[in-house]
Structures are given as structure tokens and as C-alpha cells.
1. Kindly provide the helix-only [θ] at 222 nm of chain A, computed as the sum of -39,500 (n - 2.57) over DSSP H runs of four or more divided by all residues, to the nearest 500 deg cm²/dmol?
2. For chain A, set up a GNM with springs between Cα atoms under 10 Å and report which of A:Thr248, A:Thr361, A:Thr184 has the largest fluctuation.
3. Please give me, ordered by residue number, the trypsin sites (Lys or Arg not before Pro) of segment A:311-420 that lie in loop per DSSP and have at most 10 other Cβ atoms within 10 Å.
4. Starting from the Cα-Cα distance between A:Leu3 and A:Phe73, subtract it from 0.36 nm times their residue separation and give me the gain in nm to one decimal.
5. Working from Cα positions, state the angle (0 to 90°, nearest 10) between the long axis of helix A:3-13 and the longest principal axis of chain A.
6. Tell me, in nm to one decimal, what length is gained between A:Asp327 and A:Asp295 on full extension, where the rule is 0.36 nm per residue of separation less the Cα-Cα distance?
7. For B:Val8, enumerate residues with amide H under 5 Å from its amide H, sequence gap 5+ or separate chain, H modeled in the peptide plane.
8. Fewest to most neighbouring Cβ within 10 Å: what's the order for A:Ile232, A:Ile362, A:Ile387?
Amino acid sequence: MNLDRFRNWYDSSFSLKELYESELLKAALVAVLFAYFLTFNIWIQEFRFTIEAVEQGKHLCWPYAKNCGDWYFLSGLPFGYTANIFYMGLFGIMGWSAWAMWRGQWRLAHGLMWPLFIWKALMVLLFSMSQVGNYEYYHLVFSLILLAFPHKIFFLKFSLVWFYFLSVAAKIHPAWTLGTYFSTLKTGLPVLPDMVMPVWTNFVIFMEMVGAWFLLGPKNLWQRLAFIFFVIFHLYSGLLVSYRYPATVLPMLFILFGPLYQQTKIPTGIKTLPGWLLMALLGLGQSISHIIPGDEKSTMEGNFYGLYMFEANHQCVEQATIYRKGDDPEVLKKESFQARNRCDAYRVWFKHQQQCKSDSTIERIEIQFDHSINGNPFYRTIDIPDICAVDYKPFSRNDWIKTDKEGAELIGYPMRNYYY
Amino acid sequence: MMPESIIVPSFDPNYDLAYLTPLQLFLAPYEVWWELCLWTVFAFALAFKIYQYLIYPYLYDTE
């Protein structure tokens with residue numbers, strides 16, 4: 001295959017004609033590249049992605065890929081340089097892609113983004129659960145549409161609105177319907193008066209469920225108002241979540257729905273199939289936590305397969321009693337006062353599984369885990385003699401995690417906590 | 001910032017437990033019904049959008 005034929009094949013396979021003809025898509029590609037800089041700037045310093053982390057049992061795998069540590073190959077500081085060399089290699093690719101964009105070489109800029117996307121997708125979805133985040137899902141979806149799908153403009157616009165809509169599925173819970181997430185915080189809601197907290201939280205639910213669809217409509221007052229609302233919403237949410245989330249979403253919001261907005265006709269035909277399948281996959285991921293019986297805000301089962309931002313305010317106390325051969329039991333107690341630390345039973349399970357695997361002197365690890373959500377009482381959701389003897393099922397109910405409705409013992413009451 | 005223990009064994013107003021606002025206390029008994037309403041709206045919105053984006057364009061293609 002000569003170079004011209006390869007170029008033609010590449011352009012037609014990934015619908016690059018759309019990119020060449022659209023200033024909007026070029027701007028979107030710049031925004032997506034910017035988000036890769038944000039991502040890898042953190043990952044280059046991330047110890048939990050390294051082989052040393054696996055040796056120390058500090059990595060975290062997805063429940064559907066529990067042996068992900070076997071695939072790690074990078075060594076991080078202070079133990080080695082390969083992780084830094086690898087990420088500086090990605091930095092070079094990002095810089096090269098940015099240079100190509102500046103020179104108007106959009107095919108090259110586009111092609112250079114493939115390794116960035118593939119690495120990030122593998123890390124977020126398969127190799128590690130420790131850096132999972134809603135903004136990563138946004139970024140991966142924007143990337144995939146820009147890189148590979150036909151009808152790029154339409155599906156970029158639709159995916160952003162679809163994300164807003166799906167996020168409501170995580171919010172229909174007292175954390176948001178009553179606003180107890182924020183009333184449990186010592187600091188309450190930022191800036192807005194606490195007295196009418198449910199008004200603010202339900203207004204966000206309304207805008208994400210109904211208002212967001214106006215973003216896709218004709219360019220009229222309603223479309224403008226929806227755009228302004230979401231700009232303010234992201235700036236406001238940045239008061240809690242810092243730069244990363246707004247820096248990933250706001251540029252796309254401006255590019256797709258901002259002052260230069262033009263309505264995009266709904267596409268039809270077989271070429272829409274990849275886009276719609278991706279949207280269906282996102283919907284399926286969001287529904288898993290609802291399909292698994294029990295309150296997923298308490299059990300956290302399936303919580304991370306979809307959007308989960310501010311799904312509940314968590315507090316927990318973990319007591320682990322480690323029984324070793326010929327030794328007195330060792331009692332370790334850990335408390336979490338941070339609202340956004342999810343107190344995920346799976347993380348407790350995974351951490352102790354690594355301990356049991358790496359230390360042959362351990363006979364068993366007894367766990368008592370008390371969990372409170374949204375200022376409700378602490379319930380003993382885990383009380384088992386040996387956490388290493390139980391398995392964790394990724395897509396169904398784990399009966400060793402109890403909820404208050406399944407007889408979990410009420411232990412006490414929480415105080416107001418903090419978000420930090 | 002972290003207190004000695006984050007669990008208060010029993011209800012004690014000194015521990016600042018009564019932190020729901022009057023509006024939240026008023027709304028709390030209706031919360032389950034409100035959730036049901038929201039899920040209903042969510043389901044209707046989803047069904048309508050499926051029709052608008054996946055069915056209508058094929059039935060009435062304006063090309």
C-alpha cells in the first residue's frame with residue numbers, strides 16, 4: 001500500500017473529511033489534546049500505576065479485571081525511571097500533535113492522538129481503578145468520537161447532553177432530592193444559602209434531565225439560557241472539584257454550544273450505528289448499579305460503571321484484625337471523614353486480598369466496616385471473620401455486604417463532615 | 001480537623017446532629033414520592049428522546 005492509498009484509507013476509515021471541513025472539530029481536537037496534558041501530568045507522578053505499587057499491594061484493579069497488577073510494566077520513582085520515560089514519550093507525542101495542529105497538518109495531529117487515547121482507555125477501563133473519574137469518561141468519549149466515528153459534530157454534541165442526562169440517574173437519591181449531601185457538610189453548599197438547599201439541588205436535577213436537551217435545539221433564547229446555566233454550573237462546581245472537571249468539559253461546552261453554535265440535523269443511516277451503540281453502552285453502564293439489588297450508594301456495587309459525581313456523602317470506620325500464625329492479633333483502625341472518599345467495600349476487599357496473597361503468615365483478616373451516607377446512621381455493612389475467604393462479584397449482589405434493610409447493625413450517628 | 005471518633009454512639013444534640021434545615025425536615029416525608037416522580041419524568045424524557053432521535057428521523061426524513 002503506497003502512502004497516498006494509506007492516506008485515503010485513513011481519511012475514509014475515520015471520517016477525516018469532517019475534520020478538514022470543520023473549524024469546530026479542529027477546536028474540539030485542541031480541547032481534547034489539552035485534556036490529555038491534564039491527565040498525564042498527574043499520571044507521571046502516580047505511584048499506583050507502577051510495578052512497585054503492585055509489590056506493595058497499593059494498586060487497585062477493577063472488579064472485572066482483578067489481576068490487573070500482573071500486566072504492570074512501569075517502574076516509578078524513587079525505584080526506577082521507566083514510568084517517567086514513558087510519560088515523557090507521551091509528552092513528546094502531545095507536543096508533536098500540537099505542532100501539527102499549528103501547522104494545519106490535521107491528519108498527523110489526529111493520528112498522533114491514537115496512542116494517547118489507547119493508553120488512557122486501557123488505563124482507565126482495564127489496568128487500574130485508582131484514577132477513575134467522571135471527567136475521564138467524558139474525555140474518552142469525546143476522544144473516541146473525534147478519532148473514529150462518523151457524524152462527529154452531532155455525536156459530540158449529543159454525548160455531552162447525554163452525559164448530563166445520565167448523571168441524573170446518580171442524583172435521584174436523598175443526597176440530591178433533599179440535598180443531604182451538602183447539609184451533612186460543615187461548610188454546606190458553597191456561596192448559596194443553606195436554608196433552601198433542596199431548591200438548588202433539585203434545580204440542577206431539572207436542568208440536567210430536561211434543560212440540557214435545549215442545548216441541542218435551535219439557537220434561540222432557551223438554547224442560550226441552557227448554555228449559560230451549564231457554564232455557571234461548571235464554574236460553580238469547580239469550587240468543590242477544582243480545575244480538572246471544568247477544564248475537560250467547559251472548553252467542549254463552549255466549542256459545541258457556545259456563541260458560534262449552529263443546530264445540527266439529526267443524522268440517519270448505517271454510519272450512525274457506532275455513535276448510537278456508544279450512547280447505548282453509556283446508558284447500560286449507568287444502569288448497572290440500579291440493576292444490582294440494594295442501595296448502591298451504600299454498597300457501592302456497580303457505582304463506578306457510570307457517572308457518580310456527588311452520588312452520596314460518605315463516612316466510614318474500618319477495623320481490621322489480622323491473625324498471624326503464632327502471633328497476637330493485630331488490630332488496625334481507619335476512619336474516613338471525607339465526604340468524597342466513597343468508602344467502597346470493594347476497595348477494602350481488594351486491599352486485604354493483596355495482603356493475604358503477599359503475606360503467607362496471615363491466617364485470616366476479620367473486618368468490621370461501619371458506613372454512613374448523607375448524615376444517616378452508621379451501619380455495620382461488613383462484619384465477617386475472614387475477608388480473604390470471600391469473593392467479590394463485579395456485576396451482582398455480594399451478600400457479605402449488608403445494608404440497613406438487610407439487618408446491618410446500627411452502630412451510631414455521624415457528625416457533620418468535610419469535603420476536601 | 002478530624003475528631004477523636006467520627007461515630008457518636010447515641011443521639012446527642014451537643015454533637016450537632018440535628019443539621020437538617022427546616023425545609024428539608026418538611027420535605028423528608030415526601031422524599032420517596034418525589035423520587036418516584038423524578039424517575040417517571042426521567043423515563044418519559046428517555047422514551048421521548050429515543051423517539052425524537054432514533055425513530056422520527058427515519059419515519060419523516062426531511063432530506
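1. Working: 16 runs with 209 residues, N = 420.
Roughly -16000 deg cm²/dmol at 222 nm, from the helical runs in chain A.
2. Maximum fluctuation in the GNM of chain A, among the listed residues, is at A:Thr361.
3. A:Lys325
4. Length gained, A:Leu3 through A:Phe73: 21.8 nm.
5. It works out to around 60 degrees.
6. Details: separation 32, 0.36 × 32 = 11.52 nm, distance 3.88 nm.
Taking 0.36 nm per residue and subtracting the Cα distance, the gain is 7.6 nm.
7. Residues meeting the criterion, in which the H sits 1.01 Å from N, are A:Tyr413, A:Met415.
8. Numbers: A:Ile232 10, A:Ile362 19, A:Ile387 24.
With the fewest neighbours first, A:Ile232, A:Ile362, A:Ile387 line up as A:Ile232, A:Ile362, A:Ile387.
Here, each number is a calculation from the coordinates, and none is a lab measurement. Worth saying up front: this structure is predicted, and the values here are computed from it rather than measured. With ideal geometry, Cβ positions are generated from the backbone for all residues, glycine too; neighbour counts draw on all protein chains shown.
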